[in-house]
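The values are calculated or read from the model by the stated rules, or taken from the named source; none is laboratory data. Only a predicted model underlies this, so the values are computations on that prediction, with no experimental measurement involved. A quick note on method: Cβ atoms are made from the backbone with ideal geometry, for glycine too, and the neighbour counts reach across all protein chains shown. Ligands, DNA and RNA are stripped out before the accessible areas are found, and what is left, the full protein with its side chains, is counted by its heavy atoms. Shrake-Rupley method; radii C 1.70, N 1.55, O 1.52, S 1.80 Å.
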Amino acid sequence: RVKRALVRGHATAEAAGEAKRSYVAYLLPKDGEGGEGGEGGGSSSGDPASQLGAAQELEWVREYEYKAKPKAEGEAYFFVVEPEAGEVLYNEITSEISLARKTFRTVAQRPSEVMLTRRLLDEDEEGYEERATRRQKISSESTLLLTHRG
């Protein structure tokens, strides 16, 4: 279940005297959905999350307040070393994001159901696919991450 978790951004409504606050909601597939035994890759045919157009119900677990602090250029970065490909990738960390567990909605205020439906990208979203491929390459489990803080 945790491998299929979803974090989604939300914001509170502006109230009298209170500013709008942003937070993220931590969502998990409902018990019994998403193929509990499909931990290998999530491509089983009975898995609703892997089928285009199939809806999957998510459970609203908790909320987190987040704060993003910009970093100075060159202050924090990491290298991704891929010995097989003979590549070293440099990635600068431009923001530091911290999460703190906080309640923004009572259980009664939360949505009665949250549904996830997979779809194909639209033509104007094609650039997203390239970024996702790059992101996946950076986060690959077979790479060695070297980090440095200035």
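Things worth noting here:
- Taken as a whole, the structure places Tyr23 among residues that are at pLDDT 80 or above, within 17 Å of the chain's Cα centre (by Cα) and either of a type outside the set (Asp, Glu) or open to solvent by less than 80 Å² (accessible area, probe 1.4 Å) (or both).
- Residue match in segment 88-105 (condition: outside any strand (DSSP E or B), among the small types (Gly, Ala, Ser) and modelled with pLDDT of 70 or more): no
- Count of segment 52-99 residues which are surrounded by 13 or more Cβ atoms within 10 Å (Cβ to Cβ), of a type in the set (D, E, K, R) and over 25 Å from Ser112 (Cβ atoms): 3
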